[in-house]
Ligand code: HEM
């Protein structure tokens, strides 16, 4: 308090000090600017004070807090800090007091036992700018979120993973995918674009009722810049924008690219959403867009409805990117690890061949007869940490956890990476070992501290779909091909950082296996 009092006194005395050397009007302007700047500094320093009863954490720098510490591998940094300050500690992200949850016990305690308290999303300037806190994924916890989540879950059931016929559609997409791979005739390829197109088509079937061909340049471009935004949203510039939203007016900085991409994606989605609504028959939905338009019409007289054309576009975008970026990265990691560990790949081939006799295509029922394949896919999700820090949460009311007080509206980061590398639950977590998901008889076993899809009210709503896709794409691919790196190619295992962790671009040869 004494420090603040001193600063305030200095602010008000400053104009009189400056009068001595400057002309009257220039002096007035200068003193105003300086006063404003100092007031901003004071405001920022006050915002940076840790609330009473808040968890401890590393000392923040004035103004920018701990933002710089998040520049490389923030999930690893946070796990290390938890070894010093405990499973629940705090960071200052430039005036945004943030609580970080680490390890299985702390995350389960908050997200599961106090599910409702930790179900909100933070009102960050970036989220406000992107989706006005509407849509689904970034939506505040309340009526808007409930309505959108319910509609999405029902649409997934009705048009997607709840239908047996949908499995057939995924299998058809798997065939398009392996045919496209086959065209390469074992020559090196970067599988990123093919996997992205194939995976996004599964979500497209639910949202638009149709798939897009692999040479649809417009759709591909949209996915590319959207996925660039997933990367940019975790960049230092994004954190700076959240702390100092006025940097929006700077003519440079990666946040400008983020805004530009978002505007382009919005325009594209608006266009195709209108296109796919053509021929709609009321109350007879063919896909998510039709179902959403029905909701808009039904709630036309309800002033507080969250169903709006704008939220339709936001939710369509969120479903596409949440469904594509994650599952694509999981499959790309899986392919990379198969080529890296030929002995594991050999066991995968054995598992597949023993069940899929005479080249029969896989079905979901085959999964329980392929425990090793299941174990490999689980280990990929554990080891590769596709969404290492989850999606930022916030407290929807004041919370009390492990003796700490966390005020309503506080931003909360769930370090899912720290769950998958939690030494209390995993032996040698730094080793890629599918066996940890098998018992001594080779049967698949579930592990408790396994949360790639997070936990609680906001847990991933596409989990079932993602699991279906991963199993069918992976087994269809490995049934037909042997994956290996081109001669002399040394892949990097360092992930590319963003909201998701993806492998750096790599080349792989998919060589046809003998029938
Ligand atoms: C391997 C694949 C996937 C992984 C690892 C994954 C992981 C996650 C994680 C960690 C969250 C954050 C939950 C939280 O706030 O704590 C999430 C949320 C979400 N995911 Fe997924 N996801 C995957 C696939 C999908 C798919 C296929 C879809 C749909 C097409 C999807 C749609 C969503 C949505 C809409 C949310 C936000 C839920 C809400 O806020 O209520 N995800 N996902």
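The values are calculated or read from the model by the stated rules, or taken from the named source; none is laboratory data. The shown structure was predicted, so the numbers you read here are calculated from the model rather than taken from an experiment. Every residue, glycine as well, gets a Cβ built from its backbone with ideal geometry; the counts of neighbours run over all protein chains shown.
Some points to look at:
- Of the criteria (1) within 14 Å of the ligand (Cβ to nearest atom); (2) under 21 Å from residue 177 (Cα atoms); (3) surrounded by fewer than 23 Cβ atoms within 10 Å (Cβ to Cβ), which one residue 345 fails: (1)
- Whichever residue in segment 107-118 is in a loop (DSSP other than H, G, I, E, B) and in contact with a helix residue (DSSP H, G or I) (Cβ under 8 Å, 6 or more places away or on another chain) and, among such residues, is surrounded by the fewest Cβ atoms within 10 Å (Cβ to Cβ): 117
- Restricting the search to helices (runs of 4 or more DSSP H) fully inside segment 128-216 and requiring at least 1 residues that are within 16 Å of residue 315 (Cα to Cα), at pLDDT 95 or above and within 13 Å of the ligand (Cβ to nearest atom) gives 143-159, 192-207.
- Taking the conditions (1) surrounded by fewer than 22 Cβ atoms within 10 Å (Cβ to Cβ); (2) farther than 24 Å from residue 200 by Cβ in turn, residue 393 satisfies each one other than (1).
- Residue within segment 29-40 that is at pLDDT 85 or above, in contact with a helix residue (DSSP H, G or I) (Cβ under 9 Å, 6 or more places away or on another chain) and assigned to a loop (DSSP other than H, G, I, E, B) present: no
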